[in-house]
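*Asks:* Before anything else, here's the structure in question.
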Amino acid sequence: MNEPDPFRPRHSIAYLMITGTTLLWAASTVIGRGVHEELPPFGLSYWRWLAASLVILPFALTKFNQKIPIIREHLGLLALLGFLQAGSSALFFLGLNFTTAINAALINAAQPVLTVIPAWFLTSERITLRQGGGIVLGLAGVFLIITKADIATVSRLDFNIGDIIVLIGVTGWSVYAALIHRTPLKLGFPTTIFSIYALGSLSLLPLYLIEAAYYRPMPFNQLSITTVIVIGVIISAAGVTMWSASVRSVGPNRASVFLNLIPVFTTLMAITFLGEQLLIYHIFGILLIGAAMYLMISQSKQSR
């Protein structure tokens, strides 16, 4: 019999891991937008998740043969998680071909709210008043940063097909966050993540081949190889692994509020690397997001 192999870090470690993940994802958005004219979205996503699965494979090989029956038993769930993860990231990259950064960031900021709905249906995790307040404050901080404290910015947004594609991708990630709880602990964390990554890349293979045949093939040059290594190995294998482990520890609702840090990190990176100024609305937005995280973390401590 396989012994359970849970990988659930302490809450304090999990929150640090989630914060690091949001930093990596902020970098991923910048990279994806930067290479969208050179690299096709489905080709990049396919090689990204294939590279990530190969990195995880050595860790998943331990007692792998003994865990094959468990994989078969839960193949449907693992395949769904892989499809949601890989497909959602591909849609996000596809959307960046048509929409602006501010639109994509604004839509992505809705993910904590979207996560509540599938989590409520699928995991029976209730939202407390403190958690609800954290979500509201987090979204308020994100909106403040994105709109530059000018509400007219929202009314001027022109949602196009790219916005719809990004919204579908964000919704898929929300469902993924709500379902990751259901993966069997006895399968072991490395094997679970490898299965999700491998099945995710496999689900993208038909779309990748169609894209290469009728739209644009994936070039194999220094840019594409470097991008796949950075996004596939560092951001996917490391970042998403930290995120998945942390969600198992603190739950999807508490974890999702940290996604509000992505536009914060994007702002800080723009200040550092692009010479932009730190303005007053940045400070107030960061304070609101900090307050949101405090509410969520303090709630988790009370429920332990």
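*Asks:* In segment 10-34, what residues are at pLDDT below 85 and either outside any helix (DSSP H, G or I) or in contact with a Pro (Cβ under 7 Å, 6 or more places away or on another chain) (or both)?
*Replies:* 10 - this is the single residue of segment 10-34 that is at pLDDT below 85 and either outside any helix (DSSP H, G or I) or in contact with a Pro (Cβ under 7 Å, 6 or more places away or on another chain) (or both).
*Asks:* Given the options 179, 207, 185, 199, name the one that is of a type outside the set (Gly, Ala, Ser) and either touching an Asp or Glu at 6+ places or on another chain (Cβ under 6 Å) or buried (at least 21 other Cβ atoms within 10 Å of the Cβ) (or both).
*Replies:* 199
*Asks:* Where in segment 179-260 are there helices (runs of 4 or more DSSP H), lying wholly inside it, with at least 2 residues that are out of contact with any Lys or Arg (no Cβ under 8 Å at 6 or more places or on another chain) and within 29 Å of residue 39 (Cβ to Cβ)?
*Replies:* The helices (runs of 4 or more DSSP H) meeting that bar are 189-214, 222-228, 241-250.
*Asks:* Mind listing just one residue for me: the one in segment 211-254 that is among the β-branched types (Val, Ile, Thr) and buried (at least 18 other Cβ atoms within 10 Å of the Cβ) and, of those, nearest to residue 188 (Cα to Cα)?
*Replies:* 241
*Asks:* Can you pull out the residues in segment 145-162 that are crowded, with 16+ Cβ neighbours inside 10 Å and at pLDDT below 75?
*Replies:* 145, 146, 147, 157 - these are the residues of segment 145-162 that are crowded, with 16+ Cβ neighbours inside 10 Å and at pLDDT below 75.
The values are calculated or read from the model by the stated rules, or taken from the named source; none is laboratory data. Everything numeric in this text was worked out from a predicted model, so none of it was measured. Using ideal geometry, Cβ is built from the backbone for each residue, glycine included, and neighbour counts are taken over all protein chains shown.
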